[in-house]
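Heads up, the thing below is written out as structure tokens.
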Amino acid sequence: MKIIACYSNKGGVGKTASSANLAHLMAQSGHKVLLCDLDPQGASSFYFRLKPAKKLSEDSFFTDQDKLLKAIKGSDYENLDVLPANMDFRDFDIFLSRLAKGHSALKKALKGVKKDYDIVLLDCPPTISMLSESVFSCANWVLVPVIPSTLSERTLEQLLDFFTQHKLEKSKILAFFSMVQVSKKLHLDTMQRLGEQHADLLLNTYIPFSSHIERMGVNRAPATDFAKATPAAQHYLDLWRELATRI
Ligand SMILES: Nc1ncnc2c1ncn2[C@@H]1O[C@H](COP(=O)(O)OP(=O)(O)OP(=O)(O)O)[C@@H](O)[C@H]1O
Ligand SMILES: [Mg+2]
């Protein structure tokens, strides 16, 4: 089982949109996939038409494997299950900071799902916190959407510094450009510069800014399903194909 965390400390960069579309494509290509919504906002659960996991508290998520397994729901798609979030997930950090082994708690919690899934995709909240540290330690890959603009670039640098300072494996980080508008010079310049600086961790495929992706909230489904013939869905398919060669 591989664990892929879709993560950025920056909010609104496309973590949830990417988690939902990639989870759908991974499942479509025959992998057994669990999309784990770690964000109390519950956006990826919402995209898959699922209600919040009522009986799963921050405590039981990390300590009661039966409850965690029971909270997993099937989706409308073959091979794709979802662990929906709820508002108790906002207390993950407080809970983890009280544990002696908070860093390894997520890895331990996910042990119970190991036999059932090929890929666990974590849709992470926009924080750099105890939960993130637990994510970094358990994930095989940390997939980072980067909008090619100044603040998003800065966040990527902060993440790389964080990995260096905490002696984490930088080779886990894979980044891709998100919400790209090729008509913007700033986007093109930033993509070229960062592409040269971080050739090792930047994927070649980018995700364009697309109204089809924005409409996922209206349709409550992945764009790779309801808009599969559009360029946006094709870019997600290319992203998944490229990712598959790296993981
Ligand atoms: N490629 C895209 N083109 C256009 N809109 C997009 C694209 N990707 C995401 N969006 C829209 O941008 C908003 C933020 O996207 P999303 O929720 O995926 O970001 P996020 O990083 O998960 O945010 P948060 O940090 O709040 O969890 C949403 O309204 C989404 O529909
Ligand atoms: Mg999100």
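Please treat every number below as a calculation from the coordinates, not as lab data. Here the structure is a predicted model, which means the values were calculated and not measured. Glycine gets a Cβ as well: all are built from the backbone with ideal geometry, and neighbour counts include every protein chain shown.
Taking a ≥ b ≥ c as the square roots of the eigenvalues of the Cα gyration tensor, the stretch 2-246 is classed as oblate, since a/c reaches at least 1.5 and a/b does not exceed b/c.
Basic side chains Lys and Arg get +1 at the Cβ, acidic Asp and Glu get -1 at the Cβ, and with that the dipole of the chain about its Cα centre reaches some 320 debye. Restricting to the stretch 2-246, what percent of DSSP beta bridges are antiparallel, rounded to 5? Of all bridge pairs located within the stretch 2-246, approximately 10 percent are antiparallel.
Have a look at Pro222, Pro231, Pro52 and tell me which one the Gaussian network model of the chain (Cα, springs below 10 Å) gives the largest fluctuation. Among Pro222, Pro231, Pro52, the largest GNM mean-square fluctuation belongs to Pro231. Amide H contacts of Lys2: Ile119, Val120, each under 5 Å away and 5 or more positions distant or on a separate chain (H built 1.01 Å from N in the peptide plane; Pro and chain starts excluded).
All other residues whose Cβ lies under 13 angstrom from that of Cys124 are scored, Lys and Arg at +1 and Asp and Glu at -1, for a net of -3. Computed from backbone phi with θ = phi - 60° and the Karplus coefficients 6.51, -1.76 and 1.60, the 3J(HN,Hα) list for the stretch 212-225 is 5, 5, 4, 7, 4, x, 7, 7, 6, 7, x, 4, 5, 9 Hz; x is used for glycine and proline. Loop-located trypsin sites (Lys or Arg not before Pro) in the stretch 87-142 (DSSP state not H, G, I, E or B) with no more than 13 neighbouring Cβ atoms inside 10 Å: Lys101.
What the phi angles of the stretch 230-239 give under the Karplus curve with 6.51, -1.76 and 1.60, with θ = phi - 60°, is a coupling list of 8, x, 4, 5, 4, 5, 5, 5, 4, 4 Hz, glycine and proline written as x. The slack between Lys51 and Ala229, meaning 0.36 nm per residue of separation minus the straight C-alpha distance, is 61.2 nm. Across the stretch 96-108, coupling constants 3J(HN,Hα) worked out from phi with the 6.51/-1.76/1.60 Karplus curve, θ = phi - 60°, read 5, 5, 7, 7, 5, 10, x, 5, 9, 5, 5, 4, 5 Hz, and Gly and Pro carry x.
Separation of the alpha carbons by more than 28 angstrom is noted, of Lys32/Lys55; Lys115/Lys228; Lys32/Lys167, for Lys115/Lys228; Lys32/Lys167. Close amide H pairs (under 5 Å, H built 1.01 Å from N) link Ile173 with Val142, residues at least 5 positions away or on another chain. In the structure shown, the pairs Lys54/Lys172; Lys73/Lys101; Lys73/Lys114; Lys15/Lys114; Lys54/Lys114; Lys51/Lys111 are assessed against 26 Å; a Cα-Cα span above that value is assigned to Lys54/Lys172; Lys73/Lys101.
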